[in-house]
2 protein chains.
Amino acid sequence: MMKKKEKDLHYIKMAVELATNGVKTGEGGPFGCVIVRGDEIVGKGNNRVTSTNDPTAHAEVVAIRDACKNVGHFQLDDCTIYTSCEPCPMCLGAIYWARPARIVFACTKKDAAAIQFDDQFIYDEIELPVSDRNIPTEQVGRDIAISVFELWASMDDKTEY
Amino acid sequence: MMKKKEKDLHYIKMAVELATNGVKTGEGGPFGCVIVRGDEIVGKGNNRVTSTNDPTAHAEVVAIRDACKNVGHFQLDDCTIYTSCEPCPMCLGAIYWARPARIVFACTKKDAAAIQFDDQFIYDEIELPVSDRNIPTEQVGRDIAISVFELWASMDDKTEY
């Protein structure tokens with residue numbers, strides 16, 4: 001069994017290889033991700049935004065979807081997410097919903113910004129009140145929509161997540 | 001042509017119907033989303049987390065993927081996102097990457113928290129320094145990973161997003 005530091009470097013190298021292959025084959029941006037439980041790789045992904053016309057196909061989201069498919073569950077208990085770059089807010093949210101045990105990243109969002117991936121802009125927007133955001137955002141029809149929350153709350157036979 | 005307020009309510013009602021159907025058929029949580037360009041619906045979605053074992057299958061992500069497939073592009077210029085509830089950080093991130101013109105939501109994240117969907121926890125975590133987060137997060141191997149950013153920066157024939 002590898003030591004923790006050695007293991008972390010091993011899987012970060014693998015995430016970087018996925019990123020490099022994805023760039024060379026024109027699949028998308030320079031990002032890769034590997035998801036590991038114990039000594040087993042349960043999911044992998046590289047950015048595929050431009051080749052699949054899917055703005056959500058960041059490396060982490062692709063790897064989470066792959067891992068969840070492989071383990072047959074919507075949570076990634078006891079897993080470590082190895083990603084070649086600090087997750088953007090979308091990917092960080094996806095990671096939190098998947099509830100892994102640990103996150104290891106290599107490059108930072110500052111490094112990403114230096115090659116024109118401005119995750120910081122989205123981090124800044126998330127902290128603003130809805131009324132001050134760059135994309136105009138309005139609340140409409142809460143009185144209509146609350147009905148489906150009431151329906152959900154009243155149900156006994158539901159799968160929570 | 002419908003007036004703005006009437007149009008907003010129309011599509012919010014449709015998002016709520018998608019949410020309601022999804023709950024009744026056991027596809028997932030009580031959330032729906034419709035994406036509109038002009039007077040055309042370009043994408044739709046409801047939460048499918050538990051039925052597809054995909055923690056990223058929130059209504060907005062499902063609708064964005066559907067819309068991008070339908071319009072054949074990874075950006076949703078001039079579109080409005082109608083969602084039955086204020087987006088969680090993952091979905092807000094996905095929306096920002098898709099770059100629509102406007103967001104309309106109905107219920108708030110407080111309403112979601114009241115039925116045990118604690119998006120607020122993720123909002124709080126995003127604002128914390130990496131070292132203070134609930135999911136242990138470490139940086140490892142930047143010196144290795146920076147190579148793929150340098151490769152990307154050096155390429156002339158790449159599709160940016």
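Some points to look at:
- Selection among A:Thr25, B:Ile95, A:Ala94 by position relative to the dipole of the protein assembly as shown gives A:Thr25 as farthest towards the positive end (Cβ unit charges, Cα centre).
- Nearest-0.05 FRET efficiency for A:Ser131 and A:Ile41, computed from C-beta distance (R0 35 Å): 0.20
- Nonlocal amide H pairs with A:Ile103, under 5 Å, H built at 1.01 Å: A:Ile81, B:Thr137, B:Glu138
- Residue among A:Asn21, A:Asn46, A:Asn134 with the largest mean-square fluctuation in a Gaussian network model of chain A, springs linking Cα atoms under 10 Å: A:Asn134
- Taking 4.7 Å between C-beta atoms as the pairing limit, chain A has these partnerless cysteines: A:Cys33, A:Cys68, A:Cys79, A:Cys88, A:Cys91.
- Put a plus charge on the Cβ of each Lys and Arg, a minus charge on the Cβ of each Asp and Glu, and nothing anywhere else: the dipole of chain A about its Cα centre is then about 760 debye.
- Exam field: A:Glu6 pseudo-label spacings to other copies (7 Å along Cα-Cβ), nanometres: 7.2
- The charge dipole of region B:18-104, taken about its Cα centre with unit charges on the Cβ of Lys, Arg, Asp and Glu (plus for the first two, minus for the last two), comes to roughly 100 debye.
- Against chain B, whose longest principal axis is taken from its Cα atoms, helix B:89-98 shows a tilt of about 90°.
- Positive-end residue of A:Gln120, A:Ala106, A:Pro136, charge dipole of chain A with Cβ unit charges: A:Ala106
- Cα centroid of region B:130-161 to Cα centroid of region A:126-156, whole Å: 34 Å
- Environment charge of B:Glu6, counting only residues whose C-beta is closer than 15 Å and scoring Lys/Arg +1, Asp/Glu -1: +2
- Ranked from shortest, the separations from the 7 Å Cα-to-Cβ label point of A:Ala113 to its equivalents in the other copies are 2.8 nm.
- Highest-MSF residue in chain A out of A:Pro89, A:Pro55, A:Pro100 [GNM, Cα springs under 10 Å]: A:Pro55
- Under Karplus coefficients 6.51, -1.76 and 1.60, residue-wise ³J(HN,Hα) of region A:77-86 in Hz, glycine/proline x: 3, 6, 8, 10, 9, 9, 10, 5, 8, 3
- Gain on full extension, evaluated as 0.36 nm per residue between A:Met2 and A:Glu150 minus their Cα-Cα distance, stands at 48.3 nm.
- With every protein chain in place, region A:34-94: carbon and sulfur % of accessible area (1.4 Å): 38 percent
- Take A:Asn70, move 7 Å from Cα toward the beta carbon, and the resulting point lies 3.4 nm from the same point in each other copy, nearest first.
- Excluding ligands, DNA and RNA, the accessible surface per residue across the protein assembly as shown is 43 Å² with a 1.4 Å probe.
- Length-normalised contact order for region A:74-128 - Cα pairs under 8 Å, 6+ apart - percent: 39 percent
- Linear extension gain, B:Ala113 paired with B:His73, 0.36 nm per residue minus alpha-carbon span: 11.0 nm
- Residue with peak Gaussian network fluctuation, chain A [Cα springs, cutoff 10 Å], from A:Arg48, A:Arg65, A:Arg133: A:Arg133
- Principal axis box of chain B, alpha-carbon based, largest edge first, Å: 54, 40, 28
- FRET efficiency for the pair A:Ala101 and A:Asp157, taken as 1/(1 + (r/R0)^6) with r the Cβ-Cβ distance and R0 = 30 Å, rounds to 0.50.
- Pairing chains A and B buries close to 7800 square angstrom of accessible surface in total, based on protein heavy atoms and a 1.4 angstrom probe.
- Lysines whose Cα lies under 30 Å from that of B:Lys3, excluding same-chain neighbours fewer than 8 positions away: B:Lys13, B:Lys44, B:Lys69, B:Lys109, B:Lys110
The values are calculated or read from the model by the stated rules, or taken from the named source; none is laboratory data. Just so you know, these numbers come straight off a predicted model, no measurement behind them. Reconstructed Cβ throughout: ideal geometry from the backbone, glycine too, with neighbour counts over all protein chains shown. Keep in mind that these areas ignore ligands, DNA and RNA; they rest on the heavy atoms of the full protein, side chains included. Shrake-Rupley method; radii C 1.70, N 1.55, O 1.52, S 1.80 Å.
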